[in-house]
1. Quickly rank 100-107, 12-19, 73-80 as a protection proxy: mean count of other C-beta atoms within 10 Å, highest first.
2. What is the sum of charges, Lys and Arg at +1 and Asp and Glu at -1, for the other residues whose Cβ falls under 9 Å from the Cβ of residue 53?
3. Can you give the relative contact order of the chain as a percent, counting alpha carbon pairs under 8 Å and 6+ residues apart?
4. Treating cross-link reach as a plain straight distance, find the lysines whose alpha-carbon is under 16 Å from the alpha-carbon of residue 86, omitting any fewer than eight places away in the same chain.
5. With each pseudo-label sitting 7 Å past Cα toward Cβ, what's the residue 7-residue 56 distance in nm, one decimal?
6. For the range 1-116, how big is the tail of P(r) above 24 Å, as a whole percent of Cα pairs?
7. To the nearest 0.05, what FRET efficiency results for residue 70 and residue 46 with a Förster distance of 22 Å applied to their C-beta separation?
8. When we measure straight from the Cα of residue 75, which aspartates and glutamates land under 17 angstrom away, once same-chain ones fewer than 8 places off are left out?
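Nothing in this text is a laboratory measurement; each read-out follows from the coordinates by a stated rule. This is a predicted model, so every value here is computed, not measured. FYI the Cβ positions are ideal-geometry reconstructions off the backbone, even for glycines, and counts take in every protein chain you see.
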Amino acid sequence: QVQLVESGGDLVQVGGSLRLSCTASGNIYRVNDMGWYRQAPGKQRELVATITRDGSPNYADSVKGRFTISRDNNKTTVYLQMNSLKPEDTAVYYCNAAVGRRGYYSAKNFWGQGTQITVSS
């Protein structure tokens, strides 16, 4: 099995910064794309940012210029640096990874348990 463990969620004031981390572990042969999604109360889960294995990022328009996604050299940890936070960034943030596992032919998407970010005004 594969686990994604997130950390870094917190309560922060408008304009503040936070950094999220997510590490994949377990039966891993290769971690491909990784990303962050978020879900606010009463809303659908939405993409925040993704990053390919070779480091190419993709951002939702709502976070461009404020958030930066990156990953470590081992390719198993992804980070999300969030600056200039707004109340509308309040949500549960979920890590996602496409993981190739030993003993399996195809990659599978895995999700973290989620971490709460609350931006207060």
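1. Going by the mean number of other Cβ atoms within 10 Å, highest first, we get 73-80, 12-19, 100-107.
2. +1
3. 36 percent
4. Here the lysines satisfying the reach criterion relative to residue 86 are 64.
5. Once both label points are built, they end up 3.2 nm from each other.
6. 22 percent
7. 0.60
8. 6, 33, 54
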